[in-house]
Amino acid sequence: CTISDDSAEEQIQAVDFRLGEYLSLKQLEDAAVGLCALFKGKSSSKQTIHSMQDYINDNYRDPSLCLTKLSDEFGLSESYISYLFKESTGNNFSMYLEQIRMKEARRLVTECSVPLSEIYREVGYNNPNSFRRVFKKTFGVSAKTMRDSLTRESER
């Protein structure tokens, strides 16, 4: 349906009159334009997940980093963040964070001289026993065994 320029104003007034106590067409138009402007600046889910991944990469050392903290930081529900992570990475948030932490732990064990007793803190764990359990589950050997085997190889 198109409105000719001649009768446009009359038809708009007729619609406004029919709306009665509801919003006028101009008010609805202003609201629509405002919503478009608001959502124009919103990022897509792909951009959002990339922003969250960047945030995690910058903050994985924080032992309090959790889904709730990410939810507060990005103003999204925990369930939506969980959905985004599963959809985008194939893993839930906890597994994603664990992978980031374990990648860095392996780097510290194999490339640095950080004492093994300190690595768990460096990668965001509060408890050394939890760290040891996850490290062994991830790599099949303890951090000590991994470092010792590298030391033996370098001495040959």
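Quick note: the coordinates plus some simple rules give every number you see, no bench work behind them. Bear in mind that the values here come from a model prediction, so they are computed numbers and not experimental data. Methodologically, a virtual Cβ is constructed for each residue, glycine included, from the backbone with ideal geometry; neighbour enumeration extends over all protein chains shown.
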For region 74-124 the mean separation of alpha carbon contacts under 8 Å (6+ apart) over residue count, i.e. relative contact order in percent, is 24
Dividing the mean separation of Cα pairs under 8 Å (6+ apart) by the residue count of region 42-136 yields a relative contact order in percent of 28
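What pairs from Lys86/Lys144; Lys69/Lys136; Lys103/Lys137 go past 23 Å between their alpha carbons? Let's see the in-between values first.
On the way: Lys86/Lys144 32 Å; Lys69/Lys136 27 Å; Lys103/Lys137 13 Å.
Over 23 Å Cα-Cα: Lys86/Lys144; Lys69/Lys136.
Would you tally the net charge around Asn59, using a Cβ to Cβ cut-off of less than 13 Å, leaving Asn59 out, and scoring K and R as +1, D and E as -1? List each step's numbers first, then the result.
Numbers: positive: Arg61, Lys69, Arg101; negative: Asp54, Asp58, Asp62, Asp72, Glu73, Glu104.
That sum, taken over residues with Cβ under 13 Å, equals -3.
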Under the 7 Å Cα-to-Cβ spin-label approximation, Leu150 and Lys103 lie apart by a distance in nanometres of 1.7
